[in-house]
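Below is one structure, written out as structure tokens; comments come after it.
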Amino acid sequence: MIINLRSDTQTLPTESMLRAITSAPLGDDVFGEDPTVRKLEDMAARMLGKEAGLLVVSGTMGNLVSLMAHSNRGDEVILDPDSHIFYHETGSLAAIAGLMPMPVRSREGMLDPDDVAAAIRSPNVHYPRPRILCLENTHNRSGGRILPLDLHKRLCAIAHERGLKVHLDGARIFNAQVASGIPASEWAREADSVMFCLSKGLSCPIGSVVVGDAEFIERARRFRKQIGGGMRQAGVIAACGIVALETMIDRLAEDHINAKLLAQGLADIAGLKVDPDKVETNMVYAEHSATGLSTEELLTRLKEQGVLASGSPPNRIRFVTHRHIDRSAVEEAICRIKRAVEGA
Ligand SMILES: Cc1ncc(COP(=O)(O)O)c(C=O)c1O
């Protein structure tokens, strides 16, 4: 049996999601006439304490239309070079939105408020206009770390004092909610817009939702159409999203327990460096320099043992727990990963 720890995006829709698709009332969502999409958008907005929501195809699309809706071409976006938007979204903020990134490096996902304040330029005819601060919670490249609420509030306050909007890439904000006990709406309250994904740990086959005030969502809706993201009977996607929001959030706690267990097992394997104390949600990064293998070589060995992971070259491998990985799969994965590394 293959143990697939590549990502929580690998989860398949549940039986209830597939049933919900067959009974969902549908309409043409570009005309605003799909009742199931409307229901999901309203539900998402309510859960995060915002006025309105917008269903989009992916997290990448949700981040892009949010940035476009907050800005004009040539404006500047302050963000962590280790953020998903900067690192993994094919440069869409520059290529499509015409925005200028101003990278401010975080320490393991934690931006320093002083660094952010220093990066916000004062008005000057030579400069782009600083317009948006992007935050990410949980923070993917730091291993699913949770941005503490007090730090989040300080960062938002600095941005707002200087006239910037705050966009929160909350692809896994419900992982942060479940792990911390803090409602996602507490983080959302301080941000002007939030994107979260339905198709990661929540197990939907497709979809993300953007929430914000009504005017922002209308702008984002127009940009979604402009980039080809207007969908017709999208209730088939939204039906799964409704099931996810109603039934799939609390179970993320299991993924977190399994990730911790995995981290503890990997920490005992010679050649891998893993700090279980830093595993707060469903991701585990293992630093593998001491194995003497390249990331690609190690991924190949893992695959030979029937374990799929993803690489973060030059020296890290990422494992993500999700609904299809139970405790026994984690225990088996630890044995196979040990064999793969010891074959070195
Ligand atoms: C933090 C974060 N933001 C955004 C995304 C983008 O989501 P999608 O793959 O649906 O475009 C991801 C995907 O892994 C992510 O981890």
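The values are calculated or read from the model by the stated rules, or taken from the named source; none is laboratory data. This structure is a prediction, so every number in the text was calculated from the model and none was measured. Here the Cβ is made from the backbone with ideal geometry for all residues, glycine too, and neighbour counts use every protein chain on show.
Examine the stretch 272-290 for a residue that is surrounded by 15 or more Cβ atoms within 10 Å (Cβ to Cβ) and of a type in the set (Ser, Thr, Tyr), and state whether such a residue exists.
For the stretch 272-290, residues surrounded by 15 or more Cβ atoms within 10 Å (Cβ to Cβ) and of a type in the set (Ser, Thr, Tyr): present.
What pairs come out if I take residues in the stretch 46-62 that are without any contact (Cβ under 8 Å) to a residue 60 or more places away in the chain and pair them with residues that are among the acidic types (Asp, Glu) and not in a helix (DSSP H, G or I) whose C-beta lies under 8 Å away, six or more apart or interchain?
Between residues of the stretch 46-62 that are without any contact (Cβ under 8 Å) to a residue 60 or more places away in the chain and residues that are among the acidic types (Asp, Glu) and not in a helix (DSSP H, G or I), the close pairs are THR60/GLU89.
What pairs come out if I take residues in the stretch 285-311 that are on the phi > 0 side of the Ramachandran plot and pair them with residues that are of a type in the set (Val, Ile, Thr) whose C-beta lies under 8 Å away, six or more apart or interchain?
Close Cβ pairs satisfying both conditions: GLY306/ILE2; GLY306/ILE3.
Which residues, taken from the stretch 162-178, are part of a strand (DSSP E or B) and surrounded by fewer than 24 Cβ atoms within 10 Å (Cβ to Cβ)?
Those that are part of a strand (DSSP E or B) and surrounded by fewer than 24 Cβ atoms within 10 Å (Cβ to Cβ): LYS165, VAL166.
Looking at GLU33, GLU41, can you tell me which residue is farther than 26 Å from GLY144 by Cα, at pLDDT 95 or above and either more than 16 Å from the ligand (Cβ to nearest atom) or touching a strand residue (DSSP E or B) at 6+ places or on another chain (Cβ under 7 Å) (or both)?
One residue alone meets the criteria, GLU33.
Please state which one of ALA157, ALA179, ALA184 is under 24 Å from GLU89 (Cβ atoms) and in the same structural domain as GLU108 (by TED's automatic domain parsing).
Just one listed residue meets the conditions, ALA184.
For the stretch 204-215, check the following and say yes or no: at least one residue is farther than 23 Å from THR9 by Cβ, assigned by TED's automatic domain parsing to the domain that holds SER23 and crowded, with 19+ Cβ neighbours inside 10 Å.
Within the stretch 204-215 (the criterion being farther than 23 Å from THR9 by Cβ, assigned by TED's automatic domain parsing to the domain that holds SER23 and crowded, with 19+ Cβ neighbours inside 10 Å), the answer is yes, since at least one residue qualifies.
ASN137: modelled with pLDDT of 95 or more, of a type in the set (S, T, N, Q) and more than 15 Å from the ligand (Cβ to nearest atom), yes or no?
Here the answer is no, as ASN137 does not meet what is asked.
When the stretch 53-74 is examined, which residues are found to be of a type in the set (Val, Ile, Thr) and outside any loop (DSSP other than H, G, I, E, B)?
Hits for the stretch 53-74 are VAL56, THR60, VAL65.
Could you list, ordered by first residue, the pairs with Cβ atoms under 6 Å in which the first is in the stretch 5-22 and part of a helix (DSSP H, G or I) and the second is within 14 Å of the ligand (Cβ to nearest atom) and of a type in the set (Phe, Trp, Tyr), at least 6 apart or interchain?
Cβ pairs passing all conditions: none.
Within the stretch 189-227, how many residues turn out to be within 26 Å of ILE96 (Cα to Cα) and within 16 Å of the ligand (Cβ to nearest atom)?
Count: 20.
Could you check ALA95 against (1) more than 10 Å from the ligand (Cβ to nearest atom); (2) small (Gly, Ala, Ser); (3) buried (at least 23 other Cβ atoms within 10 Å of the Cβ) and say which number it fails?
Exception for ALA95: condition (3).
Among the residues that make up the stretch 37-53, is at least one of them in contact with a Gly (Cβ under 7 Å, 6 or more places away or on another chain), farther than 27 Å from ASP255 by Cβ and buried (at least 23 other Cβ atoms within 10 Å of the Cβ)?
Taking every residue of the stretch 37-53 in turn, at least one turns out to be in contact with a Gly (Cβ under 7 Å, 6 or more places away or on another chain), farther than 27 Å from ASP255 by Cβ and buried (at least 23 other Cβ atoms within 10 Å of the Cβ).
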